[in-house]
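So the structure is just underneath, and the comments pick up after that.
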Amino acid sequence: MTTLQRIERASSRRDGFRRSWYRFSKNRLSVVGLVTVGIVVLLAIFAPYIAPYPKDAGAVVNFRHANEPPNWSHLFGTDDVGRDVLSRTIFGFRYSLMMGAVVLSIATPVGVVLGLLAGYMKGRWLDSVIMRITDIFLALPPLIMALLINAVLGPSLINAMIAMTIMWWPWYCRLVYGQVAVLRNETYVLAAEMGGARRPHLLLKEILPNCISSVLTKMTLDMAIAILLGASLSFVGLGAQPPTPDLGTMVASGSNFLPDFWWIAIFPVMAIIFTVLGFNLLGDGLRDFFAVEEQELDKQ
Amino acid sequence: MKKTICIMTACLMVVVLGLALHGEELRVLRMSQSWPTRIDPHIGNDGSSRTAYVNLFDSLVYPDKNSQPQPHVATNWDATEDGLTYTFYLRDDVRFHDGTPLTAKDVKYSMDRLLTMGEGFAFLFSGKIESTNVVDDYTVRFNLQSAYGPFLLSLIRLYIVNSELAIANTKAEGPYGENGDYGRAFLQMNDSGSGPYYVKEFRLEEELVMGKNEDYFIPIPEEAPDEFRLIGTTQPAVVRTMIAKRELEITDAWQAYDALVNMAKQEGVELVATATGAPFVVMMHTRRPPLDDIHVRRALCYAFDYDVVREEIVPGAPAMIGPVPLTTSGAIQIDRYPHERNLELAREELKKSKYYGKLDQYTLTAIFSQGVMTQEHAALLLQANAAEIGIKVQPKVTPWMTVLEMTADIDAAADMQITFVTPALPEAGIAFLGRNHSSGAKTYTQNEWLLDPVLDKMIEDALATLDQEDRFVQYAVIQEYITDRTPTINMCENIRRYAYQAGYVDWPLDELPQPLFSYTFAGRFFKVYPEKKATL
């Protein structure tokens, strides 16, 4: 490759990125979403350095300063045990993000692989087996099922994640399955097949890259739902155990003190709204972005 | 036509006005309660059921201010010197709510039923009553298997049901042999008592409405509530709002202290505290490492910050210096039971332990009931305190039903359980039955799993002693024995706090037997003044 070719390729990649960013940033709300998610991620990563009282996220009690309303030393006030609500909220982002990330990072690959296989084998026995199991899971209300699984395994953060993962993969399986069923008859796939390409190549190199945009969009939107579901499980006492600063648990215990000590519940609630809204806006932005990109590809 | 409409409208207005005025005059006492409440007196023994029993049923004897049994349905009684036979003579003017007179056969039926079903307060009598005989309509005789010191006191908890009504509604099929279902299905939902209040309406999941029994054999003052409602919620925001709107007269005991203080800021609302005789404890599983080592248990006792509990978590609660709360009769103070924080002593104890240096391998789970803030706070305090001496404790919120399941099995039981145990009767011997005797091991009242036959024998012998003085001496020896084993962190004696509408409700707490839980909620002693409410 000559130097000129290298420069050309690099500049075309840069152009591509710029064009993509331009298209993405045309929708202001998606930029807001991206920034929000960025802030949440940064807060979560650097929580021990940002939180004013990082020790309050752990096994600390300070009853003599319990239920203090927001003031200069405790911007979000203190909770019923005397811990700084701001510090715990910042640490709370960690658990929420971790919950979403762990659940999706396990559920997505499983769902995608099964969806790919079932879609490619459409009409054969493997397709029937995978998709009927998927249907069974899809027929069950996710929150109720997660509650049930968690109640059987016992309440803890890990078990909440397991319960949610079990309930989550079928959605990806169904999504990918639908797409693969269409894509496998596309001309370029057939051409590759006739050219002697082997099955793993067809699945991973030809079909999968064309499903990835919708999987990514769904992941971003699901992140919000997973965080909410995790918070719901914690709210009913089946998620993180005290003193873990999980946002759902904080809302649950804070709601006992409404309306007098509103700050104990309201700030974690706002943190959940902030995070969920961020992921939703980002997801919407991504969906529009990929839709436009596909349209352009179609035109070409 | 117009005239007719006018007359009809006028009539309607009179009726509506009449109803409205009548509604104003009704004296209502409403109290929030943890649910479910049971109205079958031979099944439950929890707080809200006890409140219902005290109002709906009568017993042979009734506690005075000092929780001592006084004549009630029984006017007097004889006992043989060996304490094996008691004969009770009943009043002839006590009637059940359906008008049937209460007679000796009802007392016999109630005792037999309680013992056969073996639930609720049955443990007070099981293994002690040989037979109950009806001598005549108004004389009943109990033959005991062996002498039982607190027998008279225990009769406070024998609530008498209408045997005719129960028998007429008994299903032939059921788990109690020839007694079928022993009227269980019927009594679960229907009134069968003779008490100062009758069941007006009972919605199993929501509310118990009790109406004043105007024919009660003891005259009830006119100002006493016409209606006593137990409302099945302890949800803090709901309780707070209802108190603010004066739609609730007394709160339940589960509200956080700060929330109660805030409620009491409202005009006419006051905060009261009642003694319960209930130890607020951390029960340690003495059969599980590392808690099977007394030095680890003692170290935890010394590491615990009792002052924070008594000042911040249950403010004003009395200290527990020994295994039994001092408001319980027969309790003694034992200074050497660790009851004050001393980290130095805690570390010394740890050094004596065989687990010294290996404690980081263990994480002790401390369970507490979901929704009880004081227990959650105590769990967090325990975690922080234990961490200071290098012991890891993990608090775990546990739904009440799961707590009951866990405590029924020595292997499933948690390492530690944080709870209060409200004794059925405020006497040390009765407290031992629930807290320390092996017969109570599989219930929520114990998680120590002492299962000590020597201790069991000591408790049984003490309970069989008729002379109170002698009995109390034996109780003291038992408390020393328990102290030597230190199975429990005795955080404090729990007190229950309530906010109530003092502006228009008169609650003569000082005249009621406080540690005998639920007798403070006998509706007939309250006075409600709707006219005062209108001025607030």
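The values are calculated or read from the model by the stated rules, or taken from the named source; none is laboratory data. Since the model is a prediction, treat every value here as computed from it, not as a measurement. Methodologically, a virtual Cβ is constructed for each residue, glycine included, from the backbone with ideal geometry; neighbour enumeration extends over all protein chains shown. Please note that ligands, DNA and RNA were not included when accessible areas were found on the heavy atoms of the full protein model with its side chains. Shrake-Rupley method; radii C 1.70, N 1.55, O 1.52, S 1.80 Å.
Summary of computed values
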| quantity | calculated |
| --- | --- |
| Stokes-Einstein D in µm²/s, Kirkwood radius over Cα pairs - region B:365-411 at 4 °C with 1.567 mPa s viscosity | 115 |
| Backbone N under 16 Å from the A:V152 label point (7 Å along Cα→Cβ), restricted to region A:164-199 | A:164-168 |
| Fraction of antiparallel bridges per DSSP, region B:277-494 only, in percent to nearest 5 | 50 |
| Region A:218-285 and region B:372-430: distance between their alpha carbon centers, rounded to Å | 28 |
| Peptides B:66-79, B:44-57 ordered by average Cβ neighbours within 10 Å, highest first | B:44-57, B:66-79 |
| Simple label model, 7 Å out from Cα along Cβ direction - B:A185 to A:S25, nm | 7.4 |
| Beta bridge orientation in the protein assembly as shown: antiparallel %, DSSP, nearest 5 | 75 |
| GNM result for chain A, Cα springs below 10 Å: residue of A:D15, A:D79, A:D288 fluctuating most strongly | A:D15 |
| At least 50 Å² of accessible area lost relative to the chain alone, listed for region B:286-325 with a 1.4 Å probe | B:E312 |
| Rounded to 10°, Cα long-axis angle of helix A:208-235 versus longest principal axis of chain A | 20 |
| Region B:250-318-region B:323-351 distance, computed between alpha-carbon centres (Å) | 15 |
| Distance in nm between pseudo-label sites at B:D484 and B:K354 (7 Å out along the Cβ direction from Cα) | 2.0 |
| Estimated FRET transfer efficiency when R0 is 30 angstrom, pair B:D506-B:L326 (beta carbons, to 0.05) | 0.55 |
| Value of relative contact order over region B:277-494, rounded to a whole percent, pairs C-alpha under 8 Å and six or more apart | 35 |
| Occluded residues from region B:343-380, i.e. those whose accessible area drops by 10 Å² or more once the chain is not alone (1.4 Å probe) | B:Q370, B:M373, B:E376, B:H377, B:L380 |
| Candidate lysines - alpha carbon under 27 Å from A:K122, same-chain residues fewer than 8 apart omitted | A:K205, A:K218 |
| Accessible surface of region B:58-166, 1.4 Å probe, proportion on carbon and sulfur as whole % | 45 |
| Tilt relative to chain B, helix B:373-388 - C-alpha long axis, 0 to 90 degrees, to 10 | 10 |
| DSSP-assigned coil residues among trypsin sites (Lys or Arg not before Pro) in region B:377-451, each with at most 12 further Cβ atoms within 10 Å | none |
| Set of lysines near B:K200 by C-alpha distance (under 22 Å), chain-local residues within fewer than 8 positions excluded | B:K212, B:K527 |
| Per residue solvent-accessible surface (Å²) - the protein assembly as shown, probe of 1.4 Å | 44 |
| Delta accessible area of at least 50 Å² on complex formation, residues of region A:51-65, 1.4 Å probe, chain isolated as reference | A:A59, A:V61, A:F63, A:R64 |
| Virtual spin-label span in nm between B:S439 and A:V35, 7 Å along Cα→Cβ | 7.2 |
| Sites B:L84 and B:L204, calculated FRET efficiency, Cβ-Cβ separation with R0 60 Å, nearest 0.05 | 0.90 |
| Candidate residues A:T187, B:T286: accessible-area rank, largest first, probe 1.4 Å | A:T187, B:T286 |
| Cβ-defined net charge surrounding B:Q370, 12 Å radius [Lys, Arg +1; Asp, Glu -1] | 0 |
| Among A:H201, A:H65, A:H74, residue whose mean-square fluctuation peaks in a GNM of chain A (springs only between Cα atoms under 10 Å) | A:H201 |
| Under 16 Å from B:K351, Cα to Cα: aspartates and glutamates that are on another chain or at least 8 residues apart | B:D292, B:D293, B:D360, B:E388 |
| Of the trypsin sites (Lys or Arg not before Pro) in region A:136-212, those whose Cβ has at most 15 other Cβ within 10 Å and which sit in DSSP loop | A:R198 |
| Pairs of Cα atoms farther than 46 Å apart, the protein assembly as shown, % | 40 |
| Coil-residue trypsin sites (Lys or Arg not before Pro) of region B:339-369, DSSP, other Cβ within 10 Å capped at 16 | B:K354, B:K358 |
| Dimensions (Å) - region B:58-166, Cα atoms, principal axes, largest first | 37, 29, 28 |
| Most mobile listed residue (A:A59, A:A118, A:A163) in chain A, GNM with C-alpha springs under 10 Å | A:A59 |
| Part-to-part distance (alpha-carbon centres) for region A:143-191 and region B:24-54, which is given in Å | 48 |
| Percent RCO, i.e. relative contact order, over region B:316-439, from Cα pairs under 8 Å lying at least 6 residues apart | 26 |
| Cβ-based net charge around A:P48, under 12 Å, with every Lys or Arg adding one and every Asp or Glu removing one | +1 |
| Estimated buried accessible area (total), pair A and B, 1.4 Å, Å² to nearest 100 | 2000 |
